[in-house]
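Just below is one structure, and these are the notes that go with it.
The values are calculated or read from the model by the stated rules, or taken from the named source; none is laboratory data. Being a predicted model, the structure only gives us computed values, none of them experimental. Neighbour counts run over all protein chains shown; Cβ positions are idealised from the backbone, glycine included.
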Amino acid sequence: MTADVQIRLAGPRDAAALAEVAAVSFRAAYSDGQQATTERYIADHYAPAKQAAELADPSLAHLVVELDSTLIGFAMLAYGEGHPAVAASRPIRLSRIYVAPASIGSGIGGRLMERCIDHASERRHDVIWLSVWEENTRAVAFYDRWGFATVGEMTFDYAGDPQRDLVMVRPIAQMAST
């Protein structure tokens, strides 16, 4: 399935599809019986207008994954965003990485993570870091496999319900100049 996958930088026309994939993926990963909280969070963070504003922000990069011209995943990277537990001179934050639930386990997430790391390296960042809900064991295991190490924690505001996130970091090997 992953042979026909395209990964590219997102543009303004991707806002609605990004919002849809984000909502579906977030529900699948984080819905824990608090449906009202989940829906409030999605409305605040993944509405098409919010996605359009984020796509227009030059401090963010969105990589989208398409299969047969259908958006099935995305990642959002924040340039220069640091955290007290992250020791780096040029950090980049992997703010979001979502794959549609039907594509989980297909290798899509790995291809997207590889592209995020390449993007960070191409732009000469020295570390890539992220935060992940401590109870999302599947995601934590995925990040462990990609060489991320836990270096701290932070609070995630889940629509007014504070959650503990792990802060994980991975060094970036610089690509050789050509």
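For region 122-132, how many residues meet the condition of being in contact with a strand residue (DSSP E or B) (Cβ under 9 Å, 6 or more places away or on another chain) and under 17 Å from Arg8 (Cα atoms)?
Taking region 122-132 as the starting set, the residues that turn out to be in contact with a strand residue (DSSP E or B) (Cβ under 9 Å, 6 or more places away or on another chain) are 123, 125-132.
Going one step further and asking which of them are under 17 Å from Arg8 (Cα atoms), we end up with 123.
Looking only at that region, the number is 1.
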Residue that is modelled with the lowest pLDDT, among those in region 128-178 that are of a type in the set (Val, Ile, Thr) and surrounded by fewer than 12 Cβ atoms within 10 Å (Cβ to Cβ): Thr178
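Take region 116-157 and flag every residue that is in a strand (DSSP E or B), touching a residue at least 60 places away in the same chain (Cβ under 8 Å) and within 20 Å of Phe74 (Cβ to Cβ). Talk me through it step by step, then tell me what you get.
Of all residues in region 116-157, those in a strand (DSSP E or B) come to 127-133, 149-157.
Applying the additional criterion that residues be touching a residue at least 60 places away in the same chain (Cβ under 8 Å) yields 133, 151-154.
Scanning region 116-157 gives a single hit, Trp133.
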